[in-house]
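Only one structure is covered here, and it is reproduced in the block below.
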Amino acid sequence: MQMNQNSENILSKDRRVLVIGGGVGGIRAALDLAESRRNVLLIDKSYAIGGLMTQLDRTFPTNNCDLCTVSPHLSQGGREKYLEIKPMTCLTGLTGEAGAFSATLMTEPRYIDTEKCTACGECAKQFPDAVRFTPGLDPRAPTCMRYPQATPFAFSIDMSKITDVEALKKVCKAGAILPEDQPKKTVMDVASVVLSMGADLFDPNVLDNFGGGRFDNVVTGLEYERIMSASGPFQGNLVRKSDGKRPKKVAWIQCVGSRGINRADVPYCSSVCCMYALKEAMVTKERFGEDIETTIFFMDMRTHGKGYEEYYNRARDEYNVRMVRSRPHTILEKPDTKNLSIAYAVEDKSVQQNEEFDMVVLSTGFRVNSETKALAQNLGIQLNEHDFAESDHFNPVLTSRPGVYVCGVYESPKDIPETMVQASAAAAMAATNLPVSSAGLNGEDMFPPERDITGEDPRIGVFVCDCGFEIGGVLNVANVLDAVKTRPDVVVAEPVGYGCSSESMAKIEVMITKHKLNRVVIGGCSPRTHETKFQDLLRRVGLNRYLVEMVNLRDQNTWTHMNEPEKAQEKAVKLLQVGIAGVRTNHPLREHTLPMNQNALVVGGGVTGMTAALKLADQGIKTYIVERAPSLGGLARSLRKTIEGDDVAPFVQNLVDAVTAHSNIQVLTRSVIVDHSGMPGLFKTGIQTGVRMNYMQIDHGVTILATGALANRPPQYGLGTIDNVMTQLDMDSLLADEPEKVQAMDQIVMIQCVGSREEGNPNCSRICCQAAVKNALKIKAISPDTEVFILYRDMRTYGFLEDYYRKARDLGVKFIRFSLENRPRVRQDDGELVVGTHDYVLDSDIDIAADCVVLSTGLVADDENTEDLALMFHLPRTEDHYFLEDHVKLRPVDMAQRGFFLAGTAHSPKVIRECITQAQAAAGRAQTMLAKKEINLGACVAVVDEKKCASCLICVRVCPFDVPFINADGVSQIDADKCHGCGVCAGECPAKAIQLLAYEDDQILAKLDGLFER
Amino acid sequence: MITAEQKPIQEIIQYIAPYSKILLVGCNECVTVCAAGGRKEVGLLASALHLNHLKQGKNIDIREITLERQCDPEYVEELAPYIDGVDAVVSMACGCGVQTIAARFKKTPVFPAVNTRFMGASVSQGVWSERCKGCGDCVLGITGGICPVARCSKHLFNGPCGGTSNGQCEVSPDIDCAWRLIWERLKELGMESRYEELMEAKDWRPGGAGGPGTIIREDLA
């Protein structure tokens, strides 16, 4: 199906995008829109945004803690000025059309005023009546905050569990309890809607064979995450629920409720469970003991994502996670030990086996819940057979209703990086329906003019947060303040509770004005996450933003010295002295900006490059496509049909026509990049173009890498030497051009993982399983009597592709597994093509006569090309030569080098619709950068004291960016708009003629003096 | 440029052991450029001396000043207001600077904190090489721009000695044979015939053998 959506862009002023669902996908979409200056409203039915990811313990493939990576995104969510968040809110109706919807929203009562709530936790302490809180194991209070960094940073109350309302009101010193809170109905104009509701996880308690909900030591994958999590019910100790003891033997059972045909099962694959089971097994060994035996029972190991196959290999080979290929039938509980006995059968043994485990984890997948189904009805969008949003085959973020876009798991089951990609793509599509907000184009416009403080003596205010128990639980804040309030120039020293709450910020503003403060010290958390917030506070009261100093009393003191409160108290005073001494020497600084070049360079003219270019060009951005081939189209030119049955050629031709005709796009074919310079926002790239290789320079602010990958043709199984051995691409063409040849064949054998998942190319090529199934189905469609054999290692038909796999089995396609140690052999017997392989079920070698052998050869990175570009652009690559994104989990299209974005098969193998989505995402991310219009170089730049300069050239030589030069006056000159503020020159200057602003010698020395002050 | 290197810290400590008030004087010319005695090195040395004295339980008062050029009396005069308040001066300039201070302030001892090395050029960041001996009678015009006085270990004229080996000097394989360099350069310039011209025995008097050199420009003096 192709949705007829992007025919026209209806622009409406002062409207906004409504994002439904505050999981990582919804947050990403909302932030992208806000960053590109579109007004956004993010609603979530829960009382805090964050979704499923905030409940996970660690994420694959890095095994990092989640909260640390996601919480900055969440607090960022609270900060954006174009972004409004409405928790506990649902959409009940949507009328009108794209660009001019009217949305009706219903907000449930929270019974707490989020403006007043300081999240002190008093109410939670006083009313800790246990309520069950999904996902199951956490005993939670009726006033419940899910995790310490929640946004909004406020509690919420389940009023039905409170009997004495007056007592509750008394507990709250902030007066934030609103017992009379009522549901609120809001109607608002909306230009487009992004759906990011995600899905629930399957509840295995409805199954009668695994003991979910009945056996204490059978848990779901998510419950296991909670058990391992430091914020979970056992404070991060891995213990059994039945006896509180550490398990020695843990088993995972995959596909529980998924890929099944039984009652309560769904037929599709949930895509993420294989990876999370591997992760949980590895983390179990890593964190809780090498000696814990871990076993995963699986049908097909689906590690098809970027680098995931290596993760699987590591789990198996380095961590010794035991892999058992079997779908167990039953779990029985031993009444005495509460251990669990798993009954299972493996393919090469004829009897059932029983094995005992201490704990069993059920890997459950995604289910659309009833609320989401109801919402779909309100929205008037079509659903697929599995109740997920029906989406366009070539453009998966389009739903059946124009102006309504979808991303994340609600589109189809997927992991976090793919969700992030789709979220950025959906945001980019949603943005086309409304103009850039005109409000506050220049951030500084919102602030009053700065007060001139020259000549004033320092008047310092010291404000110390207790951050709930985070700081206040270890330090006596009042005593700390007593110790520092007598320091010279300190005018006020006050506790501020949660300094970052809106109420405390307002209080600090009042005190700054009242006491005519001109310097501020905040004793709280990390400047990394909160400095901007307090800098903005100073600007609001007319002070320069560099007159605040943050002292990290939490991360660097109370967290690290939690068990030594006396020493922490002493250190807190010292750290504050450092801050006070330092801020005294601070002076107003001016930030430098440069206008950002508004052009885009897209490297690669395949489907990905063209899609990204069109998206940018439609937004008025002049875009250059540089393609080394003589024409546009890339690898998609050799593809005929998608698995959904759509013709690729007309789609590609339409793209080529649209790109060629677009007035904002300049296509440069037969062109290669030869040089590159500049900085993010102001790049210069030289190309040689055309048959004459003329040199041309392109000025651009952003770069999108869409260089694609190569169709692999490894010389295996007789490819290139034996007739009738071909690749899936060849078969795709044969089916389209000469179907009669295929009809004449009696038996066709396909071999999977050719040149993938083995030495030399260890990762999975992702696309080949669906390509084989696609061609097998087509063969069966035109020639039902032709026998098709697919020799596979793991069938990786993730998500709804599983439907096609099942259909192929139903049609009689024979799937025979092989292993790397026992590969199929292709040979010719008297001119007859024969494939020999081992059948594990028969436990014998078999020969299959074949009219043709089709090899699933997948993709490989274009090593030479990516290496050249990586060198020129200073970009990192993976070990298998694909480009490496900035953060594999949360920033899958951004490169580490700012201004560079990555899409399509240059990132990793993927099917055409996934390439298109990533192209839109890259274009969207690029737009968020261009929307800033200027490059803020910050105030932290090197300045030269000409009187001291000895013109020694050392700064000229050591600068990594070649910025300093000896000017006509014979002294070093460092231009503020070029300086990166790294400070190397300031450190090296033998004449001490260079200072790095905001890190000046006297400031650092003053801080040291403060530290040693007694 | 005149190059220098800081003396071993123990030597400096010994010099100032009897004193408690020190004037530490840097120079913003050659020694700054060769990172031996500029404002930064003055600061570092002062800190090191402070640390040493604190470790010994002694007090020391160090005033840091970096002059534009220590070999000019006018700049050295800038020290006059402080000189009576100190017991000793430590100079981080080359020998010329140390002597200019000593000449101006008769009653205060002055100690060098650097060893003056040679007249040299920057090869790369942090690397300097000797290029001139100040012989007073420059032959670079004959030797293809490569000095046999400064760069031949034996200051030989008229070709290399028998110690040259694979184009390197017998003193150290890290030293290029100056005459090999001269020959290659002359060849590149197509001036090989120069090599045939014999140079007479050199008059070393202008290069120091005739006593300390003096230049008097009648038109300026």
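The values are calculated or read from the model by the stated rules, or taken from the named source; none is laboratory data. Computed from a predicted structure; not experimentally measured. Neighbour counts run over all protein chains shown; Cβ positions are idealised from the backbone, glycine included.
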Tally, over segment A:474-492, of residues that are touching a helix residue (DSSP H, G or I) at 6+ places or on another chain (Cβ under 7 Å) and assigned to a loop (DSSP other than H, G, I, E, B): 5
Within segment A:981-995, considering residues that are assigned to a helix (DSSP H, G or I) and within 11 Å of chain B (Cβ to nearest Cβ), the one surrounded by the most Cβ atoms within 10 Å (Cβ to Cβ): A:986
Residue within segment A:936-951 that is of a type in the set (A, V, I, L, M), within 14 Å of chain B (Cβ to nearest Cβ) and surrounded by 18 or more Cβ atoms within 10 Å (Cβ to Cβ) present: yes
Failed item in (1) farther than 26 Å from residue B:81 by Cβ; (2) within 13 Å of chain A (Cβ to nearest Cβ), with residue B:43 passing the rest: (1)
Members of segment B:77-110 found to be surrounded by 17 or more Cβ atoms within 10 Å (Cβ to Cβ), closer than 16 Å to residue B:6 by Cβ and of a type in the set (Gly, Ala, Ser), listed by number: B:91, B:93, B:97
Matching entry among B:143, B:66 (being within 14 Å of chain A (Cβ to nearest Cβ) and over 16 Å from the mean Cα position of the chain (by Cα)): B:66
Scan of segment A:966-980 for residues that are closer than 26 Å to residue A:677 by Cα and either away from every other protein chain (no Cβ under 14 Å) or loosely packed, with under 14 Cβ neighbours inside 10 Å (or both), ordered by number: A:967, A:968, A:973, A:974, A:975, A:976, A:977, A:978, A:979, A:980
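Residue B:103: away from chain A (no Cβ under 14 Å), among the small types (Gly, Ala, Ser) and either touching a residue at least 12 places away in the same chain (Cβ under 8 Å) or out of contact with any Lys or Arg (no Cβ under 7 Å at 6 or more places or on another chain) (or both), yes or no?
Yes: the conditions hold for residue B:103.
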Evaluation of residue A:960 against (1) part of a loop (DSSP other than H, G, I, E, B); (2) under 13 Å from residue A:994 (Cα atoms) (one fails), failing number: (2)
Residue match in segment B:72-81 (condition: within 14 Å of another protein chain (Cβ to nearest Cβ) and within 23 Å of residue A:1005 (Cβ to Cβ)): no
The listed residue being surrounded by 14 or more Cβ atoms within 10 Å (Cβ to Cβ) and under 25 Å from residue A:642 (Cβ atoms), out of A:355, A:385, A:390, A:333: A:390
Failed item in (1) in a loop (DSSP other than H, G, I, E, B); (2) of a type outside the set (Ser, Thr, Tyr); (3) within 14 Å of chain A (Cβ to nearest Cβ), with residue B:158 passing the rest: (3)
Selection status of residue A:567, surrounded by fewer than 17 Cβ atoms within 10 Å (Cβ to Cβ) and under 22 Å from residue A:453 (Cβ atoms): no
Whichever residue in segment B:111-124 is more than 23 Å from residue B:213 (Cα to Cα) and more than 14 Å from chain A (Cβ to nearest Cβ) and, among such residues, is surrounded by the fewest Cβ atoms within 10 Å (Cβ to Cβ): B:111
Where residue B:125 falls short, out of the listed (1) within 24 Å of the chain's Cα centre (by Cα); (2) more than 30 Å from residue B:9 (Cβ to Cβ); (3) at pLDDT below 95: (2)
The one condition in (1) part of a loop (DSSP other than H, G, I, E, B); (2) within 14 Å of chain A (Cβ to nearest Cβ) that residue B:19 fails to fulfil: (2)
Residue match in segment B:125-146 (condition: surrounded by fewer than 16 Cβ atoms within 10 Å (Cβ to Cβ), of a type in the set (A, V, I, L, M, F, W, C) and under 21 Å from residue B:187 (Cβ atoms)): yes
